[in-house]
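Contents: one structure, followed by commentary.
We did not get these values from a lab; they are worked out from the coordinates using the rules stated. All of these numbers come straight from a predicted model, not from anything done at the bench. Note that each Cβ is placed from the backbone with ideal geometry, even for glycine, and that neighbours are counted across all protein chains shown.
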Amino acid sequence: MSTNTTAAAATGTREWRSRFPTVNYLNADYGIWSWLLTKDHKRIGLLYLISVSFFFAIGGAYAGAIRLELLTPMGDLMQSSTYNKVFTHHGIMMVFFFLIPAIPGVLGNFLIPLMIGAKDMAFPKINLLSWYIFMAGGLITFCALLFGGVDTGWTFYVPYSSNFSNTYVTLAGLGIFINGFSSILTGLNFIVTTHTMRAPGMTWFRLPLFVWSHYATALIMILGTPVIAITILLLALERLSHVGIFDPALGGDPVLFQHMFWFYSHPAVYIMILPSMAVISEVVATHTRKPIFGYSFVAFSSLAIAVFGFLVWGHHLFVSSQSVYAGMIFSMISFVVAIPSAVKVFNWTATMYKGSISYDTPMLYAFAFIGLFLIGGMTGLFLAALGFDIHVHDTYFVVAHFHYVMVGGTVMGYLGGLHNWWPKITGRMYPEGWARFAALVVFVGFNLTFFPQFLLGYMGMPRRYHAYPVGEPMWQVLHVMSTGGATVLGIGLLIPAVYFIWSMRYGRFAPANPWPGTGLEWRTPSPPPTENFLVTPVVTWEAYEYRPIEELQTIGPGEPDQPIDGQHPANRGTETEER
Amino acid sequence: MSTHAEAIEHGHGPEAAHEALAHHFDNLEQQREAGALGMWVFIAQEVMFFGGLFLAYLIYRMKYPTAFMAASNHLNWKIGTFNTAVLITSSLTMALAVWATQTGRSRKTQVGLMAATLLLGFIFLGVKAYEYNEKYVDGLIPIAGWFDPVGHNVHIPAGVTTGQYQMFFWLYFAMTGLHALHMIIGAGILLPIMWMAWRGRFSPEYHSPVENFGLYWHFVDIIWIFLFPLLYLLGAHFGKGH
Amino acid sequence: MQSIPIPNISLPVPFSPEQASTFAPHVDALYVYLVTLTAFFTLLISAAIIFFAVKYRRRQAAELPRPIAGSMVLELTWTIIPLMIAMTIFVWGASIFFKAYRAPQQAMEVYVVGKQWMWKFQHQTGQREINELHVPVGARVKLTMTTEDVIHSFYVPAFRIKQDVVPGRYLQTWFEATKTGKFYLFCAEYCGTNHSGMGGYIYVMDQAAYQQWLAGGTGTESAASQGQKLFQQRGCASCHQVEAGGQQGLGPTLYGIFGKQQQIEGDGAVTVDEGYIRESILNPQAKIAAGFQNIMPTFQGQVSEEQVLQLVAYIRSLAPAGQQQGGAAAGAQTTSGPTTGGVPPQQQRSNPLHPSDVRQGNPAPQAPPAGGGNTGNANRQQ
């Protein structure tokens, strides 16, 4: 699959076009309304792709501002009130409008019906509605940020957020409240789709692990999101009526807010990481050409994470006046919830044993994910240890830890997934060389940005600080490293943005099954037709069951009258030469 | 659920596509099952949504038992009982409406039962509005600057602060208000369903919207069944009532 | 828990703040253990991945490896062993926590009030400081803390302690400094515009220097004595008897009440502690002592959190000599000289983030007149 001359590609295209159904979900309809009113899960996935990229860019710009400010100890770039808004906006944009919706919204929407052999989600209209709700929530929040901003931190702790902050807390809260329903409806669709829309023969244990992980994610979305919704609603009511249940003046307890907030927001971390694990399971299997080692352990570990994830919120409150015994229980369960994640890491590693490991970009991101998530997860154990947490709670150690999980985990998984399924989504290949280079830049930039923050945190630098002591030269050194790393990371993230857009027009045509993978999504043309499959697939094989490559690259197994060869003709010649 | 794949396999039969069958489902059975499961999942999230409020209630109820009992005495348990009866009756008429569509009764029966449900819902909301007004008259609206029971000759017993009193009413308004909002949304959904019933869209083969709406309505009803004793009967029982 | 010795490490750990309290070596030892574990697992997995990626790299485009389904033995191994390792971390971490959150009975007490954006300290002996706290080395210091507005968090990296302060509550933490010097104090819970400016220093001094610092502040008055004055000014004495054996007033006699069980109206009893006294001053209707009328007015908004703490100190001091608990004994002494009354002194706030306040290293303020060590002292006189 290396080089193709333009001429060969051109003839190949013509030949291919004549033999292959040329109508796909991208060109089935034209015009803006065909997109804005689409009920096709694949188009909705693309709508999500555009919108989360927008919010990611905004959140990233705020991150840049934070890193610039911290180059020097004195708060000299902006006012402290501005800085407080900047990190709040960074957190709100990234958490609620990128990390939570990114993989489920883009890849989950696009792939789940394809993977289970369905024509669409169970509720296509609700699916579209959830995107509109997402956009409404996102734009309301964005307006709140534009027209004044919020300075409470993304955690909205009372009483600061209820009685003290005079920024646009209620409006931003309204946006997040609305956005919550998008998450709930997405989760609802995933659950119902997985239960009722599976193709004949697609039993639960033949499901790709991607679907299992998204199912677990959906459970958290359904059971966790309403709690943050009611919490934000109570906060907004408290701001409007000037009294409320978190108000100490009424005998209310501000710490109750923290309990209710983290009851969602801790499981929300698993909403962010489980879909990424979903991607990694697929990528590792596909790019080692092996079934995932211990399929059922990986599948059930997702459910275990979802269940135990609901029981550990109290580890955010170790120094918030929670009782010592409550702290101990939450600490212990927090250690237990780490185990299923560890099991996944071990299983992915074991999958590589005696595999056929490719160095394609998705696999590079999977390598990065495993390494970075391992560090993120292990430092989670640091924070779960009560006595240790006292020292590093609310310091840069925590900041570094969750960025290792969120960026090292979720963003790596997201990028890996985008590369893995880009041929399927657009019907075009991305430029492999550039992509490998970008993956390397991202990996280096990421570590340079966030590793110094572990050291800063242990040295005592509290988070959300606009300025830090001038008398600590080492702190500045580490901050400068971090800012330098952020620059590299920023460039590393821009490269894919450029070549993805470029490839939509100029990329090589993608075959139906380029890697090849075993999932049903690869057994349909790239890009797929509107109702996904030319014929309803009947599944007779186990998950990740590798058969000879030629067989995998045939679309519609056992069906006559299909293009015999899923392989793009332009690539066919070189392929045989390599053999 | 796990047998569904097989069900589809065998369900490929000659069944003519029903006009209500959406393009991406294989048959009405699958569509119905998806709809019902969807509604149950939705109800699960509703439980968590109200759960946050019930949790807050529980915590402050345990923290300030005397204040909550005393404040509960300001709620009229007789009116509350009446409203409970109204709501339970509306659930009954809704259940009958589902039965009427399932068994293919006439459009008039279907629409009539739904209209009865709607009417009872509005009676409930009307009574609720009357009660809210009573609280307003007594200065019990828990907004800063409005809450002034003492100024309205409401006796606050010993051992209770006005703050704790206000906490009870804050929770009362938040919980019943959110419940009432669910009823209003329910009424808004019921209207188009009645229109569909009038047009004769529902049959023993296809009646998912009615069935799923029924689930929602019963759920809203059940929330009230919890709210009523927690808010109204608490004082009447422990504080020996009016 | 006391019987299990908690490991500690006294060597300086790279990239860590000074070890200046009894907790610090424990936390650092756990840190070293955790870093070692992380390094081990990261290297193990990375080495495995790199090894596999090289050894089993794809050599032919169409190659198909033999599938391996899994292994129950391996799965159980890498479930159970990590779980056991995790439990060692849990026990270790919990034992440090248990120690850190059990304040000792005998300790020097300091009252702390957080406020946007400063820390106010009040010694039992009357000294008051803002953003600076002077304590003797080797003494157990117990902090009773609250806040006037939002949630703050009292954080001293060198001591490895942190405790949020929550409005409407008294929360405690304690430390025993092991080293003289000047250590950062931060607010670690985001509290608004000048959050990063809400900090100062803890000055740990040797006994001689500390005594000198105490003596330097002539005209200080103990917290209890300030509380006594407030008690008279606010007319508390008209209802509450403070002498032993006197006539019961309209409110409960306060002599010797601290630490006792008090029956309350309705059912139950409460222990008279700082929190109950605070509640009774600010929210008198909440828990009325059995046998008394609900007649006490609220002092909400009329006394500051600091003044409440002074009243608490006074009520604690109302006990037969020798029965006073903990730092209350020290608090009972009154010193002579002019009084500062209840007016907070105008002090120069020291702040680690303020460039004018930069000092290299950590000069140990052995003698108070040196450097910033006495700024609080000098200004306290104003």
- Tally Lys and Arg at +1 and Asp and Glu at -1 over the other residues with C-beta under 9 Å from the C-beta of A:Gly387: what net charge comes out? +1
- Message: If you take each beta carbon of peptide C:69-76 and count the beta carbons of other chains within 10 angstrom, what is the mean?
- Response: 5
- Between the residues A:Pro516, B:Gly214, A:Tyr215, the Cα farthest towards the positive end of the dipole of the protein assembly as shown, that dipole coming from +1 and -1 charges on the beta-carbon of Lys, Arg, Asp and Glu, is from A:Pro516
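If we sort A:252-262, C:290-300 on the protection proxy, mean other Cβ atoms within 10 Å, highest first, what's the order? Walk me through the numbers on the way to the answer.
Values: A:252-262: 23.6, C:290-300: 13.7.
The most tightly packed comes first, giving A:252-262, C:290-300.
State the Kirkwood hydrodynamic radius of the stretch C:176-286 in Å, one decimal place, computed from all pairs of distinct Cα atoms. Spell out each step's value before the answer.
On the way: mean 1/r = 0.0544 Å⁻¹.
That comes to 18.4 Å for the stretch C:176-286.
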- The correct pair for the stretch C:223-332, radius of gyration to one decimal and Dmax as a whole number, both in Å and from Cα atoms, is 13.0, 36
- Please state, rounded to one decimal and in Å, the Kirkwood hydrodynamic radius that the stretch C:57-112 gives when every pair of distinct Cα atoms enters the mean of 1/r. 16.8 Å
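Counting only other chains, what is the mean number of Cβ atoms within 10 angstrom of the Cβ of each residue in peptide A:357-363? Show your work: numbers first, answer last.
Values: counts 9, 4, 3, 1, 0, 0, 2.
That works out to 3 on average.
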- Message: Can you order the peptides C:86-95, A:330-339 by their average number of other Cβ atoms within 10 Å per residue, highest first?
- Response: A:330-339, C:86-95
- Between the stretch A:484-515 and the stretch C:27-59, what's the alpha-carbon centroid distance in Å? 30 Å
- Task: At q = 0.05, 0.07, 0.09 Å⁻¹, what is the base-10 log of I(q)/I(0) for the protein assembly as shown according to the Debye formula with one equal point scatterer per Cα and no solvent? Please give it to two decimals.
- Result: -0.40, -0.76, -1.16
- Query: By a straight-distance test (C-alpha under 28 Å), which lysines pair with C:Lys229 as possible cross-link partners, with residues fewer than eight away in the same chain excluded?
  - Reply: C:Lys115, C:Lys120, C:Lys142, C:Lys260, C:Lys287
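Using a cut-off of 15 Å between beta-carbons, work out the net charge of the residues near A:Ala63 (Lys and Arg +1, Asp and Glu -1, A:Ala63 not included).
Details: positive: A:Arg67, A:Lys85, A:Arg463, A:Arg464; negative: A:Glu69.
The answer is +3.
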- Mean residue ellipticity (222 nm) of the protein assembly as shown, computed from DSSP H runs ≥ 4 via -39,500 (n - 2.57), nearest 500: -18500 deg cm²/dmol
- Can you give me the P(r) profile for the stretch A:469-520? Cα pairs, bins 5 angstrom wide beginning at 0, each as a whole percent. 5, 15, 11, 11, 13, 11, 9, 7, 7, 6, 4, 3, 0
- Task: Treat every Asp and Glu Cβ in the protein assembly as shown as -1 and every Lys and Arg Cβ as +1, leave all other atoms uncharged, and give the resulting dipole magnitude about the Cα centre to the nearest 20 debye.
- Result: 640 debye
- Query: In debye, nearest 20: dipole of the stretch C:223-332 around its Cα centre with unit charges on the Cβ of K, R (+) and D, E (-)?
  - Reply: 200 debye
- Item | Inter-label distance, nm, simple model (7 Å from Cα along the C-beta direction), A:Leu71/A:Glu432 | 4.0 nm
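Mean Kyte-Doolittle of at least 1.6 plus a Cα span of 24 Å or more along the axis: flag which DSSP H helices in chain A meet both, please. Mind showing how you got there, number by number?
Values: long enough: A:41-69 (41 Å, 0.95); A:124-146 (33 Å, 1.42); A:169-196 (40 Å, 1.25); A:209-241 (47 Å, 1.64); A:254-288 (51 Å, 0.94); A:324-352 (43 Å, 1.39); A:361-384 (34 Å, 1.77); A:432-459 (41 Å, 1.11); A:473-506 (50 Å, 1.01).
Membrane-span-like by this criterion, though nothing is claimed about a membrane: A:209-241, A:361-384.
Please report B:Ile184, C:Ile96, A:Ile370 as a ranked list, fewest other C-beta atoms within 10 angstrom at the top and most at the bottom.
Numbers: B:Ile184 11, C:Ile96 26, A:Ile370 23.
So the residues, fewest neighbours to most, are B:Ile184, A:Ile370, C:Ile96.
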- Message: What are the extents of the Cα atoms of chain A along their three principal axes, in Å, largest first?
- Response: 75, 47, 45
- Note on the structure: Semi-axes a, b, c in Å (a largest) for the stretch A:143-187, each sqrt of 5 times a Cα gyration tensor eigenvalue, come to 22, 13, 7
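Looking only at other chains, what is the average number of their beta-carbon atoms within 10 angstrom of each beta-carbon in C:275-284? Kindly include the intermediate steps, with their values, before the conclusion.
Values: counts 0, 0, 0, 0, 2, 0, 0, 2, 6, 1.
Average neighbour count from other chains, rounded to a whole number: 1.
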- Set of lysines with alpha-carbon distance to A:Lys119 below 23 Å, sequence-local pairs under 8 removed: A:Lys39, A:Lys42, A:Lys424
- Tell me, what is the FRET efficiency for C:Arg66 and A:Ile32 to the nearest 0.05, using R0 = 41 angstrom and their Cβ-Cβ distance as r? 0.20
- Task: Write down the radius of gyration of the stretch A:386-509 and its Dmax, each obtained from C-alpha positions, in Å.
- Result: 18.0, 58
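Where Rh is the Kirkwood radius over the Cα pairs of the stretch B:24-125, the temperature 25 °C and the viscosity 0.890 mPa s, what D in µm²/s does Stokes-Einstein return? If you can, show how the numbers build up before the last one.
Numbers: Rh = 17.2 Å.
Translational D for this selection: 142 µm²/s.
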- Item | chain A - percent relative contact order, Cα under 8 Å, separation 6 or more | 18 percent
- Relative contact order (%) - criterion: Cα under 8 Å, at least six apart; region: chain B: 32 percent
- Extending each Cα 7 Å along its Cβ direction at C:Gln211 and C:Glu243, get the distance between those two points in nm, one decimal. 3.7 nm
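If you take every DSSP beta bridge fully contained in the protein assembly as shown, what fraction is antiparallel? Give it as a percent rounded to 5. Before the final figure, lay out the partial values.
Numbers: 34 of 47 bridges.
Of the beta bridges lying entirely in the protein assembly as shown, close to 70 percent run antiparallel.
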- Item | Which of B:Ala97, B:Leu233, B:Ala116, positive extreme of dipole for the stretch B:53-238 (C-beta unit charges) | B:Ala97
- Report the charge-dipole magnitude of the stretch B:53-238 in Debye, nearest 20, computed about the Cα centre from +1 at each Lys and Arg Cβ and -1 at each Asp and Glu Cβ. 400 debye
- Message: If you average the alpha carbon positions of the stretch A:322-385 and of the stretch B:175-214, how far apart do those two centres end up, in angstrom?
- Response: 46 Å
- Note on the structure: Here P(r) for chain B, Cα-Cα distances in 5 Å bins, as whole percents, is 1, 6, 12, 14, 15, 12, 10, 8, 7, 6, 4, 3, 2, 1, 0, 0
- With label points built 7 Å along Cα→Cβ from the Cα atoms of A:Ile50 and C:Ala269, find their separation and express it in nm. 7.2 nm
- Anchor A:Lys290: lysines whose Cα lies under 20 Å away (excluding residues fewer than 8 positions away in-chain): A:Lys344, A:Lys354, C:Lys55
- Query: Once you list every other residue whose beta carbon is under 14 Å from the beta carbon of A:Tyr30, what net charge do they have if Lys and Arg are +1 and Asp and Glu are -1?
  - Reply: -1
